[in-house]
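Okay, so here's the structure we're looking at.
The values are calculated or read from the model by the stated rules, or taken from the named source; none is laboratory data. On a predicted model such as this, the values are computed, not experimentally measured, just so you know. Virtual Cβ from ideal backbone geometry, glycine too; neighbours counted across all protein chains shown. What goes into the accessible areas is simple: the full protein's heavy atoms, side chains included, and nothing from ligands, DNA or RNA. Shrake-Rupley method; radii C 1.70, N 1.55, O 1.52, S 1.80 Å.
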Amino acid sequence: MLFLAAALIGGAAWLNEPCPQSFSIANTTVSAISQSQQLSLCVAKAVLVKSLDGSLNLVLNSSNAKPSCLVYPNGLSMDQSYNLLASGHVGCWSLYPPSQPITIVNLASSSVSKVNSEIKRFRPTVPVILYQPVRELKVGDYVSFRSSAKLENQRCRMLNLDCQVRFTPISHSWQIGNTATKLLEPKYQLNSPGSLVVTLNTTFKIEYYFPSLTPWRRTYPNIVISSVPVQLSVGAIAPPNKRSPRLVDEPCLSQLDWGC
């Protein structure tokens, strides 16, 4: 089998055949990826990845790949091929039996624009504005605000591969009435009765990760998420409780006595 593979790789007919296209689906036939002389260069940093849904993907230029030569000598089963390549076996093996599809994904720098485009489909949970105290509010009270925003990981699928996207809050822009602040947890004194509207814009940085293929990588631009505004009702200070004076037939002993 290895002798036949070597003979195939040495054929002059495939000298000018290019590497497989990234983000494409091809078949392991003569006209696809099977008999390219340049294939050994294309897959010098490639791994065969089995996704959670059972599909297999040839990942080019992955960061922790093991060198393998992938040609079409005689059609091994996909499980045999996967086990050989996953164990770091170096040699010439077929990926699939003839005419079976395989997805080719390129995780090199040339795929950055593709990832950035795909990642726009994902959004973090919209933060909620929280405040204390939640009782009836009066002029002069202090109210503390905070956001429910937190680091969030989401499982995803990009470029036909399992992935994770991570959203990390990095800044908060508050508008409390006429006061703007970027404090994480601002504290505000209520100075007039009526309605107080509070808004919040949270900026998240975005990172993505392909398990066993890449480290966490940051993508740009950051994303800004607007929370649902909160409207607080502020009551006026209640006047002191005054009582009518009363007649007494003895001196007042204390100013606290009723009617004195």
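Express in Å², to the nearest 10, the accessible area of Phe204 obtained by rolling a 1.4 Å probe over the protein heavy atoms while all chains stay in place.
0
How long is the gain from Thr181 to Cys156 if the chain were fully straight, where each residue apart is worth 0.36 nm and the alpha carbon distance is subtracted?
5.6 nm
Using a basic spin-label model with each label point 7 Å from the Cα along Cα→Cβ, how many nm lie between Gln189 and Leu52?
Distance between the two pseudo-spin positions: 5.2 nm.
Quick one: how many Å² of Tyr220 are accessible to a 1.4 Å probe, rounded to 10?
140
Starting from the 7 Å offset along Cα-to-Cβ, what nm value, one decimal, do you get for the label separation of Ser113 and Leu130?
It works out to 4.3 nm between the two label points.
Which loop trypsin sites (Lys or Arg not before Pro) in segment 124-163, with loop taken from DSSP, have no more than 15 other Cβ atoms within 10 angstrom of their Cβ?
Of the trypsin sites (Lys or Arg not before Pro), the ones in loops of segment 124-163 whose Cβ has at most 15 other Cβ atoms within 10 Å are Arg135, Lys150.
Would you mind computing, in nm to one decimal, how far apart the modelled labels at Asn222 and Arg121 are, each placed 7 Å from Cα along Cα→Cβ?
Label-label distance for Asn222 and Arg121, simple model: 2.6 nm.
Non-local amide H neighbours of Asp162 (under 5 Å, H modeled in plane, Pro and chain starts lacking H): which ones?
Leu52
For segment 106-212, what class follows from the C-alpha gyration tensor (a ≥ b ≥ c being the square roots of its eigenvalues): rounded when a/c is under 1.5, otherwise prolate if a/b is larger than b/c, else oblate?
prolate
Tell me, what HN-Hα J-couplings in whole Hz come from the Karplus equation 6.51 cos²θ - 1.76 cosθ + 1.60 at θ = phi - 60° for each residue of segment 145-160, using x for Gly and Pro?
Here the 3J(HN,Hα) series is 10, 8, 10, 7, 4, 8, 4, 9, 9, 10, 6, 7, 10, 9, 6, 6 Hz.
Name the residues of segment 144-184 whose amide N is less than 13 Å from a point 7 angstrom out from the Cα of Ser212 along the C-beta direction?
Backbone N within reach: 162-163.
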